[in-house]
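The values are calculated or read from the model by the stated rules, or taken from the named source; none is laboratory data. Worth saying up front: this structure is predicted, and the values here are computed from it rather than measured. Cβ placement follows ideal geometry from the backbone for every residue including glycine, while neighbour counts extend to all protein chains displayed.
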Amino acid sequence: MSVTPEEIAKAAQQTIAQRTPLERSARLSERYDAEVLLKREDLQLGRSYKVRGAYHLMSSLTAEELGRGVVCASAGNHAQGVAISAARLGTQAHIVVPTNTPRQKRERILALGGPNVELSLIGRTYDEASAAAHELAESTRATYVHPFDDPRTITGQGTVGAELTQQAGAPLDLVVVPVGGGGLLAGLATWVRHTWPRTRIVGVEPVGAASMRAAVAAGGPVRLDALDTFVDGASVGLAGSATYPVVRDLVDDVVAVEVGAICAEMLELYQVDGIIAEPAGALATAALAQLRPTGRVGAIVSGGNNDVSRYAEVIERALVHQGLRHYFLVSFPQEPGALRGFLDHVLAEGEDIVVFDYIKKSNRETGPALIGIDLDSPDGIDGLLDRMAASNLVIEKIPYDSPLFTFLH
């Protein structure tokens with residue numbers, strides 16, 4: 001099997017997926033002096049584009065194959081697509097998700113699939129869940145429904161591109177696509193490169209899970225030594241063997257974005273645009289800051305399954321990325337008025353303590369405190385550091401790459 005524009009066109013006629021809007025973003029268009037259009041796959045069935053690929057693969061199975069059931073591994077969104085498809089096609093689906101999959105996604109999987117779905121939590125990462133799901137499929141003779149590395153899945157995801165070109169009318173100058181294993185990017189690139197040969201296509205990964213960039217650099221998929229799973233919808237440690245050649249041949253570039261920038265964009269999408277995006281769903285628009293686009297731009301908002309309990313961490317990471325929150329270890333003399341002196345002589349107007357963790361030691365002259373400080377502006381850090389240096393306190397700024405800083409998250 002291969003992925004072709006002709007097969008994508010057929011899939012677009014047979015899909016159960018909804019036709020999602022292509023909307024102009026006033027915020028991003030003004031910021032970059034370009035026409036930025038958002039393909040709202042966060043409004044799709046299951047609130048993610050994943051149902052497109054899952055249904056296309058599963059609807060191609062024979063009655064006998066459907067009778068044996070299907071198995072999949074997923075960080076959450078693909079599982080919802082499989083659950084929806086299982087309910088529509090009347091087959092049983094055993095779905096394996098990593099243990100860090102947000103509760104909101106787990107509950108939606110069971111709600112969408114109903115009695116057609118059995119859910120298991122195995123492993124900390126998608127790759128560990130995938131290994132368990134493959135073993136399950138082999139032992140039960142069920143069909144494994146791959147979230148990205150199957151031509152049928154890629155073809156189904158390519159229907160996003162088919163809709164995009166129809167809705168945009170004239171060719172876009174740039175299309176920006178989030179990347180996990182590469183199914184969406186490969187499918188969309190197959191269609192867009194055929195339809196708009198001169199359009200620039202860029203994939204976007206999180207810095208801590210840039211497996212497709214690693215594949216491009218190495219000339220083939222290579223497993224990452226470490227994986228940051230915060231952007232759970234795009235945390236894949238090994239790019240697909242079916243997706244990589246398509247990306248290599250048809251995609252102009254794959255870039256990586258810091259998690260803090262993704263979090264900041266999530267908050268802007270929510271607070272300014274009224275769009276609830278999960279971390280992977282904010283990847284494409286977060287990358288615009290480094291791409292500096294011109295002309296007409298399309299960006300895929302790939303999913304909106306974000307657990308509300310994660311917003312505290314999202315805010316924290318965004319503030320740190322923007323230079324508005326900093327952490328320090330401060331050694332206070334164990335004497336009356338030490339903290340008052342810090343507040344009066346070190347902190348200035350618009351600087352607030354948001355974290356203060358101090359344990360008094362009865363056998364020491366000084367006691368360390370962990371202090372987090374929010375600033376009104378990132379430019380305020382220089383003045384704060386100057387006042388700290390002028391004080392009689394021993395103060396150490398916690399660097400972003402410190403294990404202690406990581407512990408704060």
Subset of region 212-260, residues within 17 Å of Asp150 (Cα to Cα) and polar (S, T, N, Q), comes to Ser241, Thr243
Which pairs have Cβ atoms under 8 Å, sit 6 or more apart or on different chains, and link a residue in region 118-129 that is farther than 23 Å from Arg223 by Cβ to one that is at pLDDT below 90? Leu119/Arg106
For the list (1) crowded, with 21+ Cβ neighbours inside 10 Å; (2) under 30 Å from Glu64 (Cβ atoms), I need the number of the one condition that Val160 fails. (2)
Could you please find all residues in region 115-131 being surrounded by fewer than 17 Cβ atoms within 10 Å (Cβ to Cβ) and touching a strand residue (DSSP E or B) at 6+ places or on another chain (Cβ under 7 Å)? Glu118, Ser120, Leu121
Could we say that Tyr311 is surrounded by fewer than 21 Cβ atoms within 10 Å (Cβ to Cβ), modelled with pLDDT under 95, aromatic (Phe, Trp, Tyr) and assigned to a helix (DSSP H, G or I) here? yes
Conditions first: (1) part of a loop (DSSP other than H, G, I, E, B); (2) closer than 22 Å to Lys50 by Cα; (3) without any contact (Cβ under 8 Å) to a residue 12 or more places away in the chain. Pro245 passes all but one, so which condition is the exception? (1)
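Given the criterion crowded, with 18+ Cβ neighbours inside 10 Å and in contact (Cβ under 8 Å) with a residue 24 or more places away in the chain, identify the matching residue among Ala277, Ala282, Ala289.
Ala277
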Those residues that are aliphatic (A, V, I, L, M) and part of a loop (DSSP other than H, G, I, E, B), I need them from region 48-62; list them, please. Leu61
Restricting to region 1-47, what's the tally of residues that are closer than 18 Å to His78 by Cα, touching a Leu at 6+ places or on another chain (Cβ under 7 Å) and part of a helix (DSSP H, G or I)? 1
If you go through region 48-78, how many residues are within 27 Å of Leu38 (Cα to Cα), at pLDDT 95 or above and in contact with a strand residue (DSSP E or B) (Cβ under 9 Å, 6 or more places away or on another chain)? 5
Options Val301, Val330, Val320, Val259; residue that is buried (at least 18 other Cβ atoms within 10 Å of the Cβ), at pLDDT below 95, of a type in the set (A, V, I, L, M) and touching a strand residue (DSSP E or B) at 6+ places or on another chain (Cβ under 7 Å): Val330
